[in-house]
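**Q** For reference, the structure I am asking about is given below.
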Amino acid sequence: MSTTAAVILAAGQGKRMKSALPKVLHRCAGVPLIRYVLDAVAAAGVTSVVIVIGTGAAQVREAMGDGYRYVLQEPQRGTGDAVAKALPQVAPECRDLLVLCGDTPLLTPASLSRLLATRREASAGACILTSVFDDPSGYGRIVRDASGLVAAIVEDGDATLEQRKIREINTGAYSFEREALEEALSGLRPDNSQGEYYLTDVIETLRQYGRPVAAMAAPPAETAGINTRRELAAAEHILRRWECERLMDAGVTIIDPAVTYIDHGVEVGRDTVIYPFCFLEGATRVGEGCVVGPGTRLVDTDLGSGVTVQYSLLIRSTAGNGCQIGPYAYMRPGTELAERVKVGDFVELKQVQVGPGSKIPHLSYVGDAVIGAGVNVGAGTITCNYDGFSKHRTQIGDGAFIGSNTNLVAPVSIGAEAVTGAGSTITRDVPDGSLAVERSRQKVVPGWSQKKRS
């Protein structure tokens, strides 16, 4: 059983984001900010988590699910108050505590593990995660004593000229010995202009009680918090680069990572090639040996192996092995392609099941349909699936041939090996092996052009 718990501070409004959405739910590389923190905590071996919520509390709970304990901080009276409210929800056996901000998506499990280890090795009451910034303006400075332990955290506005030269700053992430934290919190006072309880004041209290405070520096890229949309974009850039690097290390070729946008957690098989200006989002999975792009967006889509897709948009769809898609195809939710299906240029599919080896080469709309194996759908084919009130289905049997510019007025069924003549509007079922033609007889008027000119 783990003896370590984590308290995640996620109650803040994030005023500088200028948003109705709670700050920790803003997405970065497709994932809410707080999810990165929770995943890093779990990867560091910490399974007991308490999330302090406030602004948008119901939204945060719904987004994160039931796998955590939640504490409502209302009113919000500072970080010290938030931790004090969370402590009673921490399991009694947990004697080590991580306290982290929910808006730090770049924290790594390795840094969290080192933060815990550093506190234990120093037998300290707390360990502060710090970072060294080229420009530390606006951040609390870490003042160390001769032994390397923390003597004080000095806020930027209170720092002397000499202290402002210090480039090591407080990141707002901590490891605490629980007993020491509880003792220090009991003496916390809101002696500031905001009337709030600051967790940073606990550090001074611990030293007054004779409990040493250690510090551990992590790279600046890991410790940045997100307070503005600009900072969100900067973190997104880093996270997407990490995702590309993860996939390239696993055997995926990405032609230009700088202009390839892959969400956190997307799966791509080895020997797949991803061309520039592609977006792989959500729960997308791509098999081995595929060619994706250029200019393709996949959203919650599952591709088999050996699939080629370019200049296309696929949303909540699946494609089996060996499919060819695009250019300029639009596969809407509920589209399912079996293996070796061809979906060509300017084809739109919606709620369609397409059987093995079938082809919809170009310039067609097929919605609410089931298409069998080995079917050829000619250019300009339309399933007329909506009557103004309800959607209706079209069924096309194995081996059928749908002539160009056919309108299939649903509900309608085209039998196996059946053929529809080009330019037909089919309103009744076509039996297996039959030809259906529905169009006016062609009439030729000789000399028409001469008569018109005269």
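The values are calculated or read from the model by the stated rules, or taken from the named source; none is laboratory data. Treat the numbers as computed from the prediction; the structure is a model and nothing was measured. Don't worry about glycine lacking a Cβ; one is built from the backbone with ideal geometry, like all the others, and counts go over all protein chains shown.
**Q** Counting just the residues of the stretch 102-114 that are assigned to a helix (DSSP H, G or I) and surrounded by fewer than 24 Cβ atoms within 10 Å (Cβ to Cβ), which one comes out nearest to the chain's Cα centre (by Cα)?
**A** Per the stated criteria, the residue is Pro109.
**Q** Check every one of the helices (runs of 4 or more DSSP H) wholly within the stretch 1-93 and list those with 2 or more residues that are touching a residue at least 12 places away in the same chain (Cβ under 8 Å) and more than 26 Å from Asn170 (Cβ to Cβ).
**A** Answer list for the stretch 1-93: 57-64.
**Q** Here's another thing I want to ask about it. Out of all the residues in the stretch 410-454, which are hydrophobic (A, V, I, L, M, F, W, C), in contact with a Lys or Arg (Cβ under 9 Å, 6 or more places away or on another chain) and closer than 26 Å to Ser358 by Cα?
**A** Ala410, Val412, Ala422, Ala436, listed by residue number.
**Q** Additional query: Quick one: Leu303 ticks every box in (1) of a type outside the set (Ser, Thr, Tyr); (2) at positive phi; (3) under 20 Å from the mean Cα position of the chain (by Cα) bar one, so which box is it?
**A** (2)
**Q** Just for the stretch 125-147: of the residues that are under 16 Å from Asp201 (Cα atoms) and assigned to a loop (DSSP other than H, G, I, E, B), which one is farthest from the chain's Cα centre (by Cα)?
**A** Checking each candidate, the answer is Gly125.
**Q** Any residue at all in the stretch 372-385 that's at positive phi, surrounded by fewer than 19 Cβ atoms within 10 Å (Cβ to Cβ) and under 36 Å from the mean Cα position of the chain (by Cα)?
**A** No, the stretch 372-385 contains no residue that is at positive phi, surrounded by fewer than 19 Cβ atoms within 10 Å (Cβ to Cβ) and under 36 Å from the mean Cα position of the chain (by Cα).
**Q** Please go through the stretch 385-404 and pick out each residue that is part of a loop (DSSP other than H, G, I, E, B) and in contact (Cβ under 8 Å) with a residue 12 or more places away in the chain.
**A** Matches in the stretch 385-404: Asn385, His392, Arg393, Gly397, Asp398, Gly399, Ala400, Gly403, Ser404.
Per-residue answers, yes or no, for (1) out of contact with any Gly (no Cβ under 9 Å at 6 or more places or on another chain); (2) over 27 Å from Leu106 (Cβ atoms):
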residue	(1), (2)
Val150	yes, no
Ala159	no, no
Arg164	yes, no
Thr171	no, no
Tyr174	yes, no
Glu179	no, yes
Glu183	no, yes
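**Q** So which residues in the stretch 307-360 are among the hydroxyl-bearing types (Ser, Thr, Tyr), closer than 16 Å to Gly287 by Cα and not in a strand (DSSP E or B)?
**A** Ser317
**Q** If you take the residues of the stretch 361-384 that are among the hydrophobic types (A, V, I, L, M, F, W, C) and part of a strand (DSSP E or B), which of them is farthest from Thr318 (Cα to Cα)?
**A** It comes out as Cys384.
**Q** Name the residues in the stretch 13-43 that are surrounded by fewer than 19 Cβ atoms within 10 Å (Cβ to Cβ) and more than 15 Å from Glu231 (Cα to Cα), would you?
**A** Of everything in the stretch 13-43, those that are surrounded by fewer than 19 Cβ atoms within 10 Å (Cβ to Cβ) and more than 15 Å from Glu231 (Cα to Cα) turn out to be Gln13, Ala20, Leu21, Val31, Asp39, Ala42, Ala43.
**Q** Okay, moving on. Which condition breaks for Ala173 when tested against (1) buried (at least 21 other Cβ atoms within 10 Å of the Cβ); (2) touching a Lys or Arg at 6+ places or on another chain (Cβ under 9 Å); (3) not charged (D, E, K, R)?
**A** Evaluating Ala173 over (1) buried (at least 21 other Cβ atoms within 10 Å of the Cβ); (2) touching a Lys or Arg at 6+ places or on another chain (Cβ under 9 Å); (3) not charged (D, E, K, R) leaves (2) as the failure.
**Q** Given the condition in contact (Cβ under 8 Å) with a residue 24 or more places away in the chain, in a loop (DSSP other than H, G, I, E, B) and surrounded by 22 or more Cβ atoms within 10 Å (Cβ to Cβ), answer yes or no: does some residue in the stretch 417-429 qualify?
**A** No: the stretch 417-429 contains no residue that is in contact (Cβ under 8 Å) with a residue 24 or more places away in the chain, in a loop (DSSP other than H, G, I, E, B) and surrounded by 22 or more Cβ atoms within 10 Å (Cβ to Cβ).
**Q** Ok, one more. Go through the stretch 250-275 residue by residue and tally those that are buried (at least 18 other Cβ atoms within 10 Å of the Cβ) and either part of a loop (DSSP other than H, G, I, E, B) or on the phi > 0 side of the Ramachandran plot (or both).
**A** 7
**Q** Inspect all residues belonging to the stretch 2-12 and state whether any of them is surrounded by fewer than 19 Cβ atoms within 10 Å (Cβ to Cβ), β-branched (Val, Ile, Thr) and either in contact with a Cys (Cβ under 9 Å, 6 or more places away or on another chain) or in the same structural domain as Ala84 (by TED's automatic domain parsing) (or both).
**A** Yes, the stretch 2-12 has at least one match.
**Q** Please enumerate the residues belonging to the stretch 320-339 that are surrounded by fewer than 22 Cβ atoms within 10 Å (Cβ to Cβ) and more than 18 Å from Ala369 (Cα to Cα).
**A** The answer is Asn321, Gly322, Gln324, Pro327, Tyr328.
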